[in-house]
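Comments concern the structure below.
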Ligand SMILES: NC(=O)c1ccc[n+]([C@@H]2O[C@H](COP(=O)([O-])OP(=O)(O)OC[C@H]3O[C@@H](n4cnc5c(N)ncnc54)[C@H](OP(=O)(O)O)[C@@H]3O)[C@@H](O)[C@H]2O)c1
């Protein structure tokens, strides 16, 4: 049986090349076309020697594929995606262009009028753990942001169980690949090494995605989320520490910590990529893998829920989740091509 032909727009960025790494060994699809402005005409394996075994030339335009990933920057991606949808292709958009359901809110975070507001309704926000059924049916997946993935997975079970107050704090630390491959002063080695800083302190554009998705599952009032991203000197990984006041009257039994664990284990039963772990997780435990490790506890002095999540921003936070969504869209086993354990150390 012939395999589905897939392609990647913008293989020259970190997300694009991570997609290529995952798709080149995926048993259910053939990666047949990749594009990249700065390297068009060159062999993929020459530009990226870690993928030297792939016999593909980087093109200026995507070839004849059935499903495409757009790994373009936000604001640029929508224009690439529309003609593909018109040609009948399935598309996984890795950018922020179709993630928010409200075009006015999108404008306020992205700084210009949304180019295709009608398509926002068509797109499905690609967190399989929350939207599996819709992802299977859609032509367009808006793949979530990296910070958003870690935070939403950490908060969804508590929000759905109605056991937290709406005031939530998400404190996240990200490796530098989260800022992309485009050269910037703030990601120079000398600026990042031996340094930690908070940034986008007045508001980060991935925050409204977290609010949108937490509110969708929430049993309580609308969430008010304070989100504080930090840049730390490592290549990959995001640790998110989430805090909210527990509604003690909603806790069943007399052991809140145990109850919380049960709520999370029940919510993620049979999820192939979520592990509720017994010790505070490390980013290294998921590096290079599509797993999200989640640790829950309760601060008994303050009555606060504490949830820690770790993901690899380029895998579960981007390319891996994109492939997971592709599997669902194509009717393939959801975990196909994503079963590799993390790299350690
Ligand atoms: N990095 C992450 O952890 C992460 C996680 C989730 C989602 N995302 C999203 O995924 C997308 C790709 O992210 P990334 O981290 O891979 O970005 P990136 O590494 O910064 O790649 C961007 C690449 O896009 C190309 N580019 C820049 N401006 C362009 C333009 N105007 N037109 C065409 N190409 C342009 C450049 O390649 P050329 O020089 O070859 O043109 C550049 O290398 C973004 O939308 C990002 O928000 C990123």
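Remarks
- When residues of the range 186-217 are limited to those that are away from the ligand (no atom under 14 Å from the Cβ) and over 30 Å from residue 244 (Cα atoms), the one surrounded by the fewest Cβ atoms within 10 Å (Cβ to Cβ): 194
- Residue count, the range 45-54 (criterion: assigned to a helix (DSSP H, G or I) and touching a helix residue (DSSP H, G or I) at 6+ places or on another chain (Cβ under 6 Å)): 3
- Within the option set 34, 92, being touching a residue at least 40 places away in the same chain (Cβ under 8 Å) and either in contact with a helix residue (DSSP H, G or I) (Cβ under 6 Å, 6 or more places away or on another chain) or not in a loop (DSSP other than H, G, I, E, B) (or both) holds for one residue only, 92.
- Some residue of the range 194-204 being at pLDDT 95 or above and in a helix (DSSP H, G or I): no
- Across the range 122-145, the qualifying residues are those that are within 15 Å of the chain's Cα centre (by Cα) and part of a helix (DSSP H, G or I), and the one among them that is surrounded by the most Cβ atoms within 10 Å (Cβ to Cβ) is 135.
- Exclusive hit being outside any helix (DSSP H, G or I) and within 16 Å of the ligand (Cβ to nearest atom), set 172, 148, 177: 172
- Flag for residue 221 being under 20 Å from the mean Cα position of the chain (by Cα) and either surrounded by 17 or more Cβ atoms within 10 Å (Cβ to Cβ) or closer than 20 Å to residue 156 by Cα (or both): no
To keep it simple, each residue is scored yes or no on (1) touching a strand residue (DSSP E or B) at 6+ places or on another chain (Cβ under 6 Å); (2) at pLDDT 95 or above.
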{"residue": "90", "(1), (2)": "yes, yes"}
{"residue": "99", "(1), (2)": "yes, yes"}
{"residue": "103", "(1), (2)": "no, yes"}
{"residue": "106", "(1), (2)": "no, yes"}
{"residue": "122", "(1), (2)": "yes, no"}
{"residue": "125", "(1), (2)": "yes, yes"}
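Results for (1) away from the ligand (no atom under 15 Å from the Cβ); (2) crowded, with 17+ Cβ neighbours inside 10 Å; (3) under 25 Å from residue 127 (Cβ atoms), shown as yes or no for each residue.
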site	(1), (2), (3)
34	no, yes, no
39	no, yes, no
53	yes, no, no
58	no, yes, no
71	no, yes, yes
76	no, no, yes
85	yes, yes, yes
91	no, yes, yes
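- Out of 251, 315, 323, 286, sole residue that is in contact (Cβ under 8 Å) with a residue 60 or more places away in the chain, touching a strand residue (DSSP E or B) at 6+ places or on another chain (Cβ under 9 Å) and closer than 30 Å to residue 70 by Cβ: 323
- Selection of first residues in the range 55-77 that are at positive phi and of second residues that are part of a loop (DSSP other than H, G, I, E, B) and within 13 Å of the ligand (Cβ to nearest atom), restricted to Cβ pairs under 8 Å at least 6 apart or on distinct chains, gives the following pairs, ordered by first then second residue: 75/95; 75/97.
The values are calculated or read from the model by the stated rules, or taken from the named source; none is laboratory data. Keep in mind that this is a model prediction, so the values were computed, not measured. Neighbour counts are summed over all protein chains in view; Cβ atoms, including those assigned to glycine, are modelled from backbone coordinates with ideal geometry.
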